[in-house]
1. For segment 279-304, name all the residues that are out of contact with any strand residue (DSSP E or B) (no Cβ under 8 Å at 6 or more places or on another chain), among the hydrophobic types (A, V, I, L, M, F, W, C) and not in a helix (DSSP H, G or I).
2. Can you confirm whether segment 352-362 contains a residue that is closer than 17 Å to Asp326 by Cβ and out of contact with any helix residue (DSSP H, G or I) (no Cβ under 6 Å at 6 or more places or on another chain)?
3. Among the listed residues Arg167, Arg141, Arg228, identify the single one that is under 21 Å from the mean Cα position of the chain (by Cα) and within 16 Å of Gln12 (Cβ to Cβ).
4. Among the listed residues Thr299, Thr316, Thr232, identify the single one that is among the β-branched types (Val, Ile, Thr) and surrounded by fewer than 22 Cβ atoms within 10 Å (Cβ to Cβ).
5. Just a yes or no: is a residue in segment 380-388 closer than 15 Å to Gly424 by Cα, in contact with a strand residue (DSSP E or B) (Cβ under 7 Å, 6 or more places away or on another chain), in contact (Cβ under 8 Å) with a residue 12 or more places away in the chain and not in a strand (DSSP E or B)?
6. Taking only pairs six or more apart or across chains, which ones have beta-carbon atoms under 6 Å, a first residue in segment 84-105 that is touching a residue at least 24 places away in the same chain (Cβ under 8 Å) and surrounded by fewer than 20 Cβ atoms within 10 Å (Cβ to Cβ), and a second residue that is of a type in the set (Phe, Trp, Tyr) and not in a helix (DSSP H, G or I)?
7. Hey, can you tell me all the residues within segment 320-340 that are at pLDDT 95 or above and over 23 Å from the mean Cα position of the chain (by Cα)?
8. Any residue in segment 411-424 that is in contact (Cβ under 8 Å) with a residue 12 or more places away in the chain, crowded, with 20+ Cβ neighbours inside 10 Å, in contact with a helix residue (DSSP H, G or I) (Cβ under 8 Å, 6 or more places away or on another chain) and over 19 Å from Gln262 (Cβ atoms)?
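The values are calculated or read from the model by the stated rules, or taken from the named source; none is laboratory data. Just so it is clear, the structure is predicted and the values come from calculations on it, not from any experiment. Neighbour counts are summed over all protein chains in view; Cβ atoms, including those assigned to glycine, are modelled from backbone coordinates with ideal geometry.
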Amino acid sequence: MPRYHLTTFGCQMNAHDSERMRGLLGSLGYQEAPSRDDADLILFNTCTIRGSADERFMGNLGEARRIKRERPDVVVAVGGCWAQSQKEAVFTDFPFVDIAFGPGEVNRLGELLARERIQAVGAFTFDGRFSGDLPSLRERRHQAWVQISVGCNCVCSYCIVPAVRGRESSRPPQLILDEVRRQAEDGVVEVTLLGQNVNSYGRDLRGDDRTGFADLLSAVASVPGIQRVRYTSPHPKDIRADVIAVHRDVPEVCEHIHLPAQSGSTRVLKAMRRTYDRPRYLDLVARIRDAVPDMALTTDLIVGFPGETDEDFQDTLSLVREVGYDGAYTFVYSPRPGTEAGERMGDDVPAEVKSQRISALIDEVQNTARGRLARHVGQVQGVLVEGPSRTDPSRMSGRTRHNVTVNFAGPADEGALVGVTITGSTSTTLSGEVARVAQPAGAA
């Protein structure tokens, strides 16, 4: 049987697409190989949102070039956002690449493999198909990604997503619910709804399919067997009162929202075209925590955006303190070709200033998160077990409803919901001991 090796870069949407690639390849008779040297098909699912993602991918692509030179019959395939962004040059700049396809063409992977080599012209099209319609090979039996939309209609000046994933398109709700039901029957207890702007779901649907995001959350939560519902990533401008009410009223919907701020400076937010300012963002945070006081909030933050001053950066630090984030993904700005910021704004913040700012921001996030997570010490938290801890295989690991990793001692099976007495905390994780087994839906 032919064998493949798949490497994934980037966000949860890419992780979901990779699960679909594995499922599709399995249906075509492929088996997964432990290394690229053992594979007949070397496949990359790429990200190009930030320059660091490109650099990591290029290092891996170099190894594929070496293998292709040693074994010319190996097929090298590149999918995802980088492939879409390089559609004019991928085959000329990297002639050892046999197949390239954008994120809107995951469903065509079988066809492209059958053709073995394609031409760059006409290879990149958004045909309206969802990778969620393909078979899936999940990383964990009890957890699943569920794609509810593709593309994005926002015009953030630093972001290349609309160019590589296309305009926003919502998947019909009945197809989503049918998929969740099948997953629940297969043992899934936690689903994460995925979209580039997940909470604007449904605005392009018509007729009987017309469904808003809050209604979809409630419908997914009502599927028998589903005990936890998450979603990512929302846009602050689209978090409405009905979504906040679902978090308050529907027990299966977890107490965690990833709420990307990007900056704490109103001036920088305007240059980023984020469509909200600092006061509006803070008002949203207040409304969320008024409804769900123990809501965990995480975020994305960028330092060194063109024109960012020391005062702007101080506004970002103070936002971290004022919101009280449970965690944050922090990034140094890197200009992306094809974006407004990359093409027109330059990159005027010196590298050494960016380095100083990212270090200060990480310290502030860690200090704040450490204080936030310490509130759980002494509590019994429901933990969905994911398997042995990566740092200590003698202990188990899982996540709370707040999406915090817990490493704990005591007997527990993967996929079980257990109560864990929290005995310690850091800025990113909790530790504890099994207190009880917890199974009722929504109770853990």
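1. Listed by number, the list holds a single entry, Val292.
2. Initially, segment 352-362 is screened for residues closer than 17 Å to Asp326 by Cβ, giving 361-362.
From the residues that got through so far, the ones that are out of contact with any helix residue (DSSP H, G or I) (no Cβ under 6 Å at 6 or more places or on another chain) too are 361-362.
Scanning segment 352-362, I find at least one residue that is closer than 17 Å to Asp326 by Cβ and out of contact with any helix residue (DSSP H, G or I) (no Cβ under 6 Å at 6 or more places or on another chain), so the answer is yes.
3. Numbers: Arg167 fails: within 16 Å of Gln12 (Cβ to Cβ); Arg141 fails: within 16 Å of Gln12 (Cβ to Cβ).
The unique qualifying residue is Arg228.
4. Numbers: Thr299 fails: surrounded by fewer than 22 Cβ atoms within 10 Å (Cβ to Cβ); Thr316 fails: surrounded by fewer than 22 Cβ atoms within 10 Å (Cβ to Cβ).
Every option except Thr232 fails the conditions.
5. Within segment 380-388, not a single residue is closer than 15 Å to Gly424 by Cα, in contact with a strand residue (DSSP E or B) (Cβ under 7 Å, 6 or more places away or on another chain), in contact (Cβ under 8 Å) with a residue 12 or more places away in the chain and not in a strand (DSSP E or B).
6. Qualifying pairs under 6 Å: Lys87/Phe124.
7. Scanning segment 320-340 gives Arg321, Glu322.
8. Scanning segment 411-424 turns up at least one residue that is in contact (Cβ under 8 Å) with a residue 12 or more places away in the chain, crowded, with 20+ Cβ neighbours inside 10 Å, in contact with a helix residue (DSSP H, G or I) (Cβ under 8 Å, 6 or more places away or on another chain) and over 19 Å from Gln262 (Cβ atoms).
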